[in-house]
Amino acid sequence: MLLSYRKLGGLRIALWAITLAVCLFLLVPIIFIAALSFGSSQWLIFPPPSWTTKWYHELFADPRWLQAAMTSAKVGLLSAALSVFLGLLASFALVRGSFPGRGILRALFLTPMVLPVIVFAVAIYALFLRIGLNGTLVGFVIAHTVLGFPFAVIAIVNSLEGFDKSIEDAAVLCGASPLQAKLKVTLPAIKLGLFSAAIFSFLISWDEVVVAIFMASPTLQTLPVRIWGALRQDLSPVIAAASTILVAFTLVVMALAALIRSRMNK
Amino acid sequence: MNTMFLSIDKLRKTYGAVVAVDNVSLEVPEGEFLTFLGPSGSGKSTTLYALAGFDEPSAGDIRLRGASILSTPSHKRNIGMVFQRYTLFPHLSVHENIAFPLRVRHQSASDIAARVKAMLTLVRLEGYGARMPAHLSGGQQQRVALARALAYDPPVLLMDEPLSALDKKLREEIQIEIRRIHQETGVTILYVTHDQEEALRLSDRIAVFNHGRIEQVGTGRELYHNPATRFVAGFVGDSNFLEVADAEVRGERARITFPDGTTLANVPVHGGASASGTGELMVRPQSLRLSTDGSGLPVRVRDVTFLGDTSTVLFETAWGQEIWLRAAASQINNATPGANCHLEWNATESHWFA
Ligand SMILES: Nc1ncnc2c1ncn2[C@@H]1O[C@H](COP(=O)(O)OP(=O)(O)OP(=O)(O)O)[C@@H](O)[C@H]1O
Ligand SMILES: [Mg+2]
């Protein structure tokens, strides 16, 4: 190879240093926030003078935080389910269909991924204003489904492309109707893709803040919106606690996903 | 008129401007093992898929026991199929794969268990029921696929190059299995391959496909000894084609003259060619002999290859065409490169094509 790691000599140390720096850059803020959330200082002094869990007590005592977490979970689960369902239908069209404009449709399905979020947020806000969906759970779910859908399409298209259509044909010749064959053979065979699609779209909704700010009302807020709102009022360690929980939950979901995925692969 | 078990009637399938299958007609008696043999892209799979119901034909009809099956959707045709690629359901065990067609037919649990057991015995995979497809070899997977396709007693079994992904030794092993299973079950089999040896080994009859048409249907012997067209002559068995400068046709025989003036009488004529003229003479390498009395076609030895049981000799004719012979090594002792000699053969074992 042109660039052999072993031949790099002193450069190897530089590579290590860069890698370390990048990792630190990514991790330190999170560790910092987590540390502050357990610090006793009201003014987020670092390093904390002593350790406490009182901010967590305060957090759990406030029903607005709990409500926000519940809303986040609801919106996340519903929009993930919807993304996977629509993504599945779209993927069948993209992979199996042979109609003109298929390539364009594929690109179109992926636009929410590249469109600046703020542009999408303003647009959907304006639309929902007309039909009265702002500040409703339905509005939240629709908006987040649009954001999660491209990721679901990518995951499902990938696994459907890797699935040999002959296997489905074999099921049909065995006597299963085309729908039965898809439900009993194709879906179980691409379950990993469906699962990834669900995890992706859930996590996208779970930590999405820009669109959520536009969709939110004083009584209907997701966790990131609540954090953002609280931040603007005062800088309390409770926010650090909420942020830590947000991150911790994301980590738990990802760890669970990895576990389930390795189980499925067996 | 007695109705044929399976008839394919003037089947035609086009994809845009491409004619994949062109006016194919076939009559298949019950229990026959019929093979579609032909080069890549000759329309074998397309014909098979029309039977399976995946491809709607552009024209023509397919009748099973006298009734057209074209309006019946695939899943109600009750036809068995083994594909070229491995198509076992990856999330189901061997047992459940074979049980699948029986479950969608709502058979009772005890019937299913008994049938799966019988099928595993048929394909000699007793004790493999609990295995997952990923833990089977390619040959085993195709045997399970065969068991699954036969589990519901289909009247017709379609096989589209089921062994092409396997290595030669395994392929021959499973060919023997397939023959045995055909004999034991009596199921009618339509088999696709482009391997002529496989076709000859397995089939009762062979349909030779070329450019979407059937060139000839017959037993392996018929195709080999009486090829109807130049294509069949070249595709089934080894062959030499020699340029013919002139042919005088009289009835079923022709008297031909090679470019160097050598003549040969009593050559069988095929394909309804009646007009005299130029053309090509096909003669098999194993029909050729070195003549001992100086009669026959004068040639020069180019190369001798020793192959153990046999040897092959490559010659060049006076007009520069190559022709090769295969014989027991002892019969061609005096052939050395550069030597001039004469080739002879039974005129009735060669064929003239206009
Ligand atoms: N879906 C399709 N769209 C367009 N053309 C097709 C399609 N399926 C087959 N063809 C064309 O039809 C012709 C016959 O194809 P077919 O698959 O029947 O050949 P085959 O004899 O099975 O060849 P092989 O030995 O390679 O499998 C080919 O020229 C092929 O390119
Ligand atoms: Mg084919």
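The values are calculated or read from the model by the stated rules, or taken from the named source; none is laboratory data. Remember, it's a predicted structure, so these values are computed and weren't measured experimentally. Please note: Cβ atoms are built from the backbone with ideal geometry, for glycine as well, and neighbour counts cover all protein chains shown. Ligands, DNA and RNA are excluded from the accessible area calculation, which covers all protein heavy atoms including side chains. Shrake-Rupley method; radii C 1.70, N 1.55, O 1.52, S 1.80 Å.
Things to note:
- Test: B:Leu325 is crowded, with 18+ Cβ neighbours inside 10 Å, out of contact with any Ser or Thr (no Cβ under 6 Å at 6 or more places or on another chain) and part of a strand (DSSP E or B): yes
- Pair list, Cβ under 7 Å, 6 or more apart: segment B:336-347 residue more than 16 Å from B:Arg326 (Cα to Cα), other residue of a type in the set (S, T, N, Q) and open to solvent by 60 Å² or more (accessible area, probe 1.4 Å): B:Ala347/B:Asn266
- Residue among A:Thr222, A:Thr186 that is crowded, with 17+ Cβ neighbours inside 10 Å and within 14 Å of the chain's Cα centre (by Cα): A:Thr222
- Here B:Ser164 meets each of (1) among the polar types (S, T, N, Q); (2) within 26 Å of the chain's Cα centre (by Cα); (3) within 12 Å of chain A (Cβ to nearest Cβ) with one exception, condition (3).
- Residues satisfying the stated conditions in segment B:179-195, i.e. more than 25 Å from B:Val236 (Cα to Cα) and either of a type in the set (D, E, K, R) or within 16 Å of ligand 2 (Cβ to nearest atom) (or both): B:Glu184
- Scanning segment B:34-80 for residues that are away from every other protein chain (no Cβ under 14 Å), away from ligand 2 (no atom under 16 Å from the Cβ), in contact with a Phe, Trp or Tyr (Cβ under 8 Å, 6 or more places away or on another chain) and under 18 Å from A:Leu173 (Cβ atoms) turns up just one, B:Leu64.
- The residue of segment B:228-261 that is farthest from B:Thr310 (Cα to Cα), among those that are free of Cβ contacts under 8 Å to residues at least 40 places away in the same chain and in a loop (DSSP other than H, G, I, E, B), is B:Gly251.
- Which listed residue is closer than 15 Å to A:Asp62 by Cα and either in a loop (DSSP other than H, G, I, E, B) or touching a residue at least 60 places away in the same chain (Cβ under 8 Å) (or both), from A:Ala230, A:Ala241: A:Ala241
- Only listed residue being at negative phi and part of a loop (DSSP other than H, G, I, E, B), chosen from A:Ser83, A:Ser98, A:Ser79: A:Ser98
- Sole exception among (1) part of a loop (DSSP other than H, G, I, E, B); (2) more than 16 Å from ligand 1 (Cβ to nearest atom); (3) in contact with a helix residue (DSSP H, G or I) (Cβ under 6 Å, 6 or more places away or on another chain) for B:Arg201, by number: (1)
- Selection count where residues are more than 10 Å from ligand 1 (Cβ to nearest atom), in contact with a helix residue (DSSP H, G or I) (Cβ under 9 Å, 6 or more places away or on another chain) and not in a loop (DSSP other than H, G, I, E, B), scope segment B:1-38: 7
- Some residue of segment B:42-54 being at positive phi, under 21 Å from the mean Cα position of the chain (by Cα) and within 16 Å of ligand 1 (Cβ to nearest atom): yes
- Residues in segment A:148-183 that are open to solvent by 20 Å² or more (accessible area, probe 1.4 Å) and more than 14 Å from chain B (Cβ to nearest Cβ): A:Phe149, A:Phe151, A:Ile154, A:Asn158, A:Glu161.
- Residue count for segment B:106-130, restricted to those that are surrounded by 15 or more Cβ atoms within 10 Å (Cβ to Cβ) and within 22 Å of B:His75 (Cβ to Cβ): 5
- Any hit, segment A:16-28, residues being open to solvent by less than 100 Å² (accessible area, probe 1.4 Å), closer than 30 Å to A:Ala242 by Cβ and at pLDDT below 90: no
- All positions within segment B:135-157 that are facing another protein chain (nearest Cβ under 10 Å) and either in contact with a Gly (Cβ under 7 Å, 6 or more places away or on another chain) or open to solvent by 10 Å² or more (accessible area, probe 1.4 Å) (or both): B:Ala149, B:Tyr152, B:Pro154
- Filtered by the rule that a residue be of a type in the set (Val, Ile, Thr) and either within 16 Å of ligand 1 (Cβ to nearest atom) or part of a strand (DSSP E or B) (or both), segment B:207-227 gives B:Val208, B:Ile214, B:Val217.
- For segment B:158-170, residues that are open to solvent by 40 Å² or more (accessible area, probe 1.4 Å) and either closer than 17 Å to B:Ile79 by Cα or in contact with a helix residue (DSSP H, G or I) (Cβ under 7 Å, 6 or more places away or on another chain) (or both) total 2.
- For beta carbons closer than 7 Å, sequence separation of 6+ or different chains, a first residue in segment B:65-87 that is open to solvent by 50 Å² or more (accessible area, probe 1.4 Å) and a second that is not in a loop (DSSP other than H, G, I, E, B), the qualifying pairs are B:Ser68/B:Asp61; B:Ser68/B:Ile62; B:Leu70/B:Asp61; B:Leu70/B:Ile62; B:Gln84/B:Asp160; B:Arg85/A:Ser166; B:Tyr86/B:Gly138; B:Tyr86/B:Gln141.
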